[in-house]
Amino acid sequence: MSDENQWAGAAGDTGNVLQGTALGALLSGNGAAAGFSINYERVPQSIADLEHAAKYLQSQAKTAQGLANIPAPGLDGVSLNAVAQIGKWASDSGANNLEANLLAGATQLRDLAQKLREDLKMYLHVEELNIPTTPTPGLSLPSSGRSL
């Protein structure tokens, strides 16, 4: 199975966020006996961190889109070809470019955060959750305005 199909399957899962994953299979069997558990007190912060990472990838996709319009450093064939190739790699109409992959990653992180949100609501039997608005201190992502 390709990575794309694995992600598509994970994104389409409407049950428990771990259902259909190796970790989910482990937890449904003897995972707890093997030392695995979920700390439900940390899930709200994990949701905030996933949403922060999704926003970061979204901002990086905009940066990648800008790479498609960089000026050539010269008028020679090598410079013109390099700019064309960078632009195609960064942001073209196909699915295998930097911008599309960053956007897909952001979508997957948002979907995972939403699944965790729904699972936590079900676990706690509540209508709304109190999700932090800031990521975990020291989360190793630059702010949304900075690139890697």
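Since every read-out is calculated from the coordinates, none of them should be taken as a lab result. None of these values were measured; they are calculated from a predicted model. With ideal geometry, Cβ positions are generated from the backbone for all residues, glycine too; neighbour counts draw on all protein chains shown.
Spin-label pair ASN96-ASN81: with each label point 7 Å from Cα along the Cα-Cβ axis, the two points sit 2.0 nm from one another. Using the average count of surrounding beta-carbon atoms within 10 Å as a protection proxy, the listed peptides 109-115, 91-97 rank, highest first, as 109-115, 91-97.
Here the peptides 118-125, 73-80 are ranked by packing, the mean other Cβ count within 10 Å, and the order with the highest first is 118-125, 73-80.
Inverting the pair-averaged 1/r between distinct Cα atoms of segment 40-148 gives 15.9 Å as its Kirkwood hydrodynamic radius.
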